[in-house]
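The values are calculated or read from the model by the stated rules, or taken from the named source; none is laboratory data. All figures in this text were calculated on a predicted structure; none of them were measured in a lab. Here the Cβ is made from the backbone with ideal geometry for all residues, glycine too, and neighbour counts use every protein chain on show.
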Amino acid sequence: MGGGTAQLAVVGEGLASAGLALALCHTGHARGRSVETLLYAGDCSPHGAARILTPQCRSRLALLGCTLPAGEPTTPLVGLRVISRDAKAWLPYPPGVVSLGRPGRDALAELLTARAGMAGARVRGWTVERTEPLSLARAAGRAVRSHGLVARADVVAFALEPRDASAAAAEPLGRAPLLPGAEAWLATSDVLPFAQLLLSPAPGVDGLLLLPVPVGVWAMAFGPGVEPVDLSLLLVEAARDGLLETGFELLALGRRPVPAGSAPLLTGPGWVACGPDALGHPLDLAVGPTLDLATQVARAMVDASEPPSALGHALLTAGVGRVRHEVEAAAALWRAARHGGSESARAFRAGQRPRAEPADLTLAGLERPRVARVLWRMRWEAVRNLATAPFRPPERVLPVLQPPRDPGLIYVVDDEPDAREALREQLSLGGAEVVTFADELTLLAAVAHRPPGAILLDVVLQQVDGIRLCRRLTEHPSTRGTPVYLMSGLGAPQLRQQALDAGATEFLVKPIDRAMLARLLERSRTGQRERPRVGADSPASSHTSA
C-alpha cells in the first residue's frame, strides 16, 4: 500500500475480526510491509459462540501462534445426523473433530484478540459509531468515529457478525441478507457424540441444529418466521421424539439472526466487508474457513497498491470470489430443502464423494459433501417432488399422542414471583390444582406430559412475547384445544385485540377480580372453550373498561 505505513482498521467483536487483525500483522511482517492495525473489538458483553474445531483448524491456529488452552473443555464429534421427515442420512466427521462453546463467552475470539495485541495490533474495546470517506482535499481513506474520537484508516475492514454492536456502522451494501433465528444453551447430564440437523421441522423453520457442547447442547433454529418461542416448541418436541434428553435445563435463550448469502458488494471506497455479516450461511460454525478467509483478505489488503481501485482485484486474486460462490450456494440450499420433502436428507449423503476435496467452505465442519453438489441434488429432489406430487396418495398425518386434558389443573405463567403466588393462592381457594411457571420452556414441557384445563399467560415475559406464545399454543396440534387466557396490567383496547387475534380465549386485566377467576374455574371444569362475545355483557370488556 504505497511506500509509507499502511493504516488498517478492523471492526468486529468476534472470531472473524480477531483472526483478520492477527492475519494482517503476520502478513505485513511476511511481506516486509509497514502495517499498523487497529482492532475495534466492541465494548459490549461477549456473545456465547459454539464452534467446531478440526485438526486442520488446530494447525492453522498454530501457524498464527495460538494454542487452545489446556483447561478449555471440548466435546468430541463423530458425525452429523441429517433428518427430514422419516428419512435420515449419516455424515461422519474425521477423527479429532471437537466442539466447544459456552453461554456468554467466545474462548477462541478472546485467544485470537489477545494474540493480535501481542503481534502488534492496537486493540480498543470500543464500538464504532460510523465511518465516512475523507474529504477530497485530504489523503484517500476513511474516518472512523468511535468513543468520541476520530481515527484515519487507509482501509476499514468490516469483519462483523450480525449481532455486533458496530454492525450499524457497516456499509449497507456490504451486509448479507439475514434469516431470523434463535439459539438456546441447554445443560444435560449426558452428551451425545454426534450433532443432529432437522430439515424443515415446522412451518416457517428451515432447520434445527442440535450440537453437543461441553455444557450440554447448543440448539439453533433458523427460517423466515423463527422466534425464540418457536425454538422452545421444537426443543420440547425433540425431547418427546428422543432426539434430546428430557430433563434438560435451559441456560440461555434468545434471538440469533443468521447470515444467508453474500453481500451485494464486498469492497467500496476505502472499505472491505469480510465477516459472517457479509459472507455467511447458517451452518458456518467451523473455525478453519473463517481463518482461511481472514488470511485471504489480509493478503489482499496488504498487497493492494492503491486502495480502493486495486482492492477488488486483490480479493479475487486471493480467492475470495470462490468463497463468495460457495456461500451463495449454501444460502440457496435451505430454500431448495423446503421443497425437497423427505429426500432432502438423502441429498446430503448423495453429495459425498469417497475422497475428501479441499474446500473453502464447510457445512458444520464436514470435509464433505461440497455445497455445490448437495445443492444440485437438493434441487433435483425438489423438482422431482413437485412433479410427482399430483400422482402420490395423500400423505397420512399421524395423530399426536397426547394425555387427556385435566380440567381441574391450571397452569400460570408469569415472570414475577409475587404475581404467580397471588394467582396460585386465589385459584387454589376455588378448588383448582395450580402449577406456576416462570418461563415458557418449562410450561411447554409440562403441557406435553400433562395438559391442563386452562393456561393463564402473562403478556410480558423475560425471553418471549406472550402474545406470540399464545398464538403458537393455539395453533400447535398438542395444545390446540387448551383455553389460553392472556393477562396484562395494561387494558389498552389494541392490546386486547392483539390477544384475541392470537387465539386467546379471553384477555384479563390485572389485578384479576375473584368473580372473573370463579368464572374461569367454572369454564375450565366444564371444558368450555368458546370465546365470550365482545360487548357490554362481556366480563372481559367490562373489566377492561373499568
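Residues of the range 22-64 that are farther than 13 Å from LEU108 by Cα and of a type in the set (Gly, Ala, Ser): ALA23, GLY28, ALA30, GLY32, SER34, ALA41, GLY42, SER45, SER59. Taking the numbered list (1) touching a Leu at 6+ places or on another chain (Cβ under 9 Å); (2) under 28 Å from LEU235 (Cα atoms) in turn, LEU111 passes all entries but (2). Across the range 239-261, the qualifying residues are those that are small (Gly, Ala, Ser) and surrounded by fewer than 22 Cβ atoms within 10 Å (Cβ to Cβ), and the one among them that is modelled with the lowest pLDDT is GLY247. Step by step: first the residues of the range 457-500, then only those that are within 17 Å of LEU520 (Cβ to Cβ) and touching a residue at least 60 places away in the same chain (Cβ under 8 Å), then the one that is surrounded by the fewest Cβ atoms within 10 Å (Cβ to Cβ). Which residue is that? Filtering first and then ranking leaves GLY481.
Only residues that are on the phi < 0 side of the Ramachandran plot, in a loop (DSSP other than H, G, I, E, B) and at pLDDT 80 or above: list them for the range 491-533, please. Working first, answer last.
Of the residues in the range 491-533, the ones on the phi < 0 side of the Ramachandran plot are 491-502, 504-526, 528-533.
From what's left, in a loop (DSSP other than H, G, I, E, B): 491-492, 502, 504-505, 510-513, 528-533.
Those that are on the phi < 0 side of the Ramachandran plot, in a loop (DSSP other than H, G, I, E, B) and at pLDDT 80 or above: ALA502, ALA504, THR505, LYS510, PRO511, ILE512.
Against the numbered list (1) surrounded by fewer than 16 Cβ atoms within 10 Å (Cβ to Cβ); (2) in a strand (DSSP E or B); (3) under 27 Å from the mean Cα position of the chain (by Cα), GLU132 comes up short only at (3).
Do any helices (runs of 4 or more DSSP H) entirely within the range 347-456 hold 3 or more residues that are at pLDDT 75 or above and among the basic types (Lys, Arg), and if so, which? Where helices (runs of 4 or more DSSP H) fall fully within the range 347-456 and carry at least 3 residues being at pLDDT 75 or above and among the basic types (Lys, Arg), they are 371-388. Residues in the range 313-327 that are buried (at least 18 other Cβ atoms within 10 Å of the Cβ) and within 17 Å of VAL371 (Cα to Cα): VAL320, VAL323, ARG324, GLU326, VAL327. For GLY216, the stated conditions do not hold, so it cannot be described as under 16 Å from the mean Cα position of the chain (by Cα) and not acidic (Asp, Glu).
Residue-by-condition table, conditions (1) among the charged types (D, E, K, R); (2) under 27 Å from LEU253 (Cα atoms):
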site	(1), (2)
VAL35	no, no
ALA49	no, yes
LEU77	no, yes
ARG81	yes, yes
ARG85	yes, yes
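Could you please find all residues in the range 181-205 being within 12 Å of the chain's Cα centre (by Cα) and farther than 11 Å from LEU234 by Cβ? The answer is GLY181, GLU183, TRP185. Pairs are defined by a Cβ separation below 6 Å, a sequence spacing of at least 6 or placement on different chains, a first member in the range 254-273 that is within 23 Å of TRP334 (Cα to Cα) and touching a residue at least 40 places away in the same chain (Cβ under 8 Å), and a second member that is among the hydrophobic types (A, V, I, L, M, F, W, C) and part of a loop (DSSP other than H, G, I, E, B); the pairs so defined are PRO259/ALA176; GLY261/ALA176; SER262/ALA176; ALA263/ALA176; ALA263/ALA278.
Hand me the list of strands (runs of 3 or more DSSP E) wholly inside the range 41-123 holding 1 or more residues that are modelled with pLDDT under 90.
On the way: elements: 51-53, 79-84, 87-92, 98-100.
Those strands (runs of 3 or more DSSP E) span 79-84, 87-92.
When GLY65 is tested against the conditions (1) on the phi > 0 side of the Ramachandran plot; (2) surrounded by 15 or more Cβ atoms within 10 Å (Cβ to Cβ), the lone failure is (2). Quick check on LEU283: is it of a type outside the set (D, E, K, R) and not assigned by TED's automatic domain parsing to the domain that holds THR54? So LEU283 fails the test.
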